[in-house]
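Take a look at the structure below.
Please treat every number below as a calculation from the coordinates, not as lab data. Everything numeric here is computed off the predicted structure, so don't read it as measured data. For neighbour counting, all protein chains shown are included, and Cβ atoms are generated from backbone atoms with ideal geometry for every residue, glycine included.
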Amino acid sequence: MTTITPTTPAISGDPRSRTREQRRIERWKRWQARRGLRKPPRPSRLGEAGTAPGICIDIGCRDGEWIMPPPAILADGTKVQIFKDGQGLTAALRAIRSAREQICLEVYIFHSDETGRAFADALSEKARQGVRVFVIYDSFGSIDSDPTMFQSMRDAGVHLAEFHPIRPWDAKRQWRPLNRDHRKLLIIDNQIAGLGGLNIARRCDLWRDNGIGIVGPGAQRFAEVFARIWRYVHVGGKIRTAQTVYNIELGPKTRTSTSGYKRARGGKRMRIPKVARSGKHAAKLQGDLGILASVPTPKSPLVPFIDNLMLTARKSIDLTIAYFAPSDAVIAELIAAAKRGVRVRLMLPGLCDVPLVQFAAHAFYESLLGAGVEIWERQGAVLHAKSMVVDDEIAVIGSTNLDYRSIEFNCELSAVIRSTEFAEQMADLFEHDMLYATKISLGEGRRRPWRDRIVQWAASRARYLL
């Protein structure tokens with residue numbers, strides 16, 4: 001089997017790099033002290049059930065009327081398992097501990113709290129056992145994480161990469177502070193893949209989020225996704241080289257993920273399976289499993305694909321989105337779908353960790369409700385899920401939000417699955433969220449104080465920057 005060879009910075013071998021890392025650790029300690037974070041951390045709640053209404057913490061817990069369904073099976077034998085909330089973190093940790101040959105992890109936030117250290121310890125232990133372990137974390141998303149945790153992982157043999165360092169002097173090639181890696185991806189032995197919206201942090205245990213586990217032939221397709229961004233981080237070049245599109249038609253001049261392999265310099269050997277080419281006419285799904293690993297470029301495939309899904313919807317669109325600050329074109333597509341008789345339902349956050357984005361979403365309520373779109377606000381937990389189900393047939397799930405940042409600034413990852421069984425499971429999960437949500441009426445959308453209208457209008461105008 002052909003392999004590629006990613007590079008890993010030799011931090012421990014270079015005295016200057018070691019001194020720089022020690023200074024960084026000291027700065028982090030002083031910063032944490034100023035923030036008043038010297039008090040002992042709370043125990044992790046990973047694996048504890050019944051901590052919030054409508055939230056699952058572990059794989060076996062029952063959440064009201066929703067029970068984790070059996071995996072959906074695609075035509076090629078690939079199994080797709082949906083995970084709700086903290087179930088995804090529990091499943092990821094178990095998968096890491098079962099790895100025999102290789103672990104690839106890509107995440108936006110890798111926090112140094114109890115949950116993060118549990119993952120760091122598991123990855124370090126596997127590296128000491130001789131398993132090849134590759135980790136990419138985003139510099140901004142993990143900005144307040146303890147550098148000593150990452151250093152201990154390096155010392156254990158984990159190959160660690162920081163995506164687009166925030167500090168200009170840490171950037172070895174080009175400094176791009178606005179472009180972030182928002183993907184969440186785990187690959188175990190090229191046989192198991194996991195993705196969704198969950199970051200590695202204690203607070204994510206109790207957020208309302210979605211994730212999926214993929215076992216079988218389909219999991220191998222995600223290995224190239226990781227290999228491409230690993231190569232970009234270490235070799236540099238144009239960011240579009242980190243884009244991977246599989247089984248999705250994009251247009252006559254756009255290619256999907258290539259067959260064959262690429263080779264980077266130095267470091268350990270990493271196995272990557274071959275990925276075949278796809279067709280080339282319209283932005284639509286071919287086969288049962290598609291991959292959209294987008295990068296911030298003007299010709300991102302994300303926009304035409306989402307537009308095509310909404311344009312061709314015949315019966316229903318169920319959209320669960322954490323950060324809803326879309327373009328006017330997306331709003332127009334949703335309104336047009338509702339007016340032609342498609343049942344359009346939006347599940348948006350009643351509790352949000354970025355209130356300004358929530359204000360921006362409120363600015364569109366009156367127009368959407370007036371066209372017949374149903375809007376629900378999830379209560380009881382912070383909504384962080386990102387998924388779409390169209391016509392109870394096609395489901396999109398991953399890290400992508402409907403906002404400008406996901407399209408024009410971030411690297412994002414979504415799986416597109418054509419399966420009636422899986423789409424029905426996602427629709428059931430949407431309706432389960434309705435039990436913990438408040439339906440917004442047109443009257444409520446119109447009865448807003450002028451002060452709120454002004455703030456919401458300003459936030460909607462600034463949504464390009466959110």
ask   = Taking 0.36 nm per intervening residue step and subtracting the Cα-Cα distance, what contour gain separates residue 420 from residue 314 on full extension?
value = 36.7 nm
Distance (nanometres) between label positions extended 7 Å along Cα→Cβ at residue 114 and residue 307 = 4.8 nm
Relative counts (whole %) of C-alpha pair distances in region 66-221, using bins that are 10 Å wide = 11, 39, 35, 13, 2
remark   = Taking a crude spin-label model, label points 7 Å out from Cα along the C-beta direction, the residue 238 to residue 442 distance in nm is 4.8 nm
ask   = What residues of region 396-426 lie in the reach of a label at residue 299, counting those whose backbone N is under 17 Å from a point 7 Å from the Cα along Cα→Cβ?
value = 408
inquiry  = For 357, 416, which order do you get if you count the other beta carbons within 10 Å of each Cβ and list the fewest first?
reply    = 357, 416
ask   = When only Cα pairs under 8 Å and 6 or more residues apart are kept, what is the percent relative contact order across region 105-242?
value = 26 percent
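So between residue 343 and residue 434, what do we pick up on full extension, going 0.36 nm a residue minus the alpha carbon distance?
Details: separation 91, 0.36 × 91 = 32.76 nm, distance 1.51 nm.
Contour length minus the Cα-Cα distance gives 31.2 nm.
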ask   = What is region 56-160's relative contact order, in percent, from Cα pairs under 8 angstrom and six or more apart in sequence?
value = 23 percent
remark   = So, over other residues within a Cβ distance under 14 Å of residue 288, counting Lys, Arg +1 and Asp, Glu -1, the net charge is +1
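Please sort by residue number the trypsin sites (Lys or Arg not before Pro) in region 335-399 whose DSSP state is loop and whose Cβ has at most 10 other Cβ atoms within 10 Å. Don't skip to the answer; put the middle values down first.
Details: sites: 339, 340, 343, 345, 378, 386; in loops: 340.
Listed in order of number, the matching sites are 340.
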query = Taking N as the number of residues in region 301-441, what is its Cα Rg relative to 2.2 N^0.38 Å?
reply = 0.95
key: In Hz, Karplus ³J(HN,Hα) per residue of region 286-295 (6.51, -1.76, 1.60; θ = phi - 60°; x = Gly, Pro)   = 10, x, 9, 9, x, 10, 10, 9, 8, 10
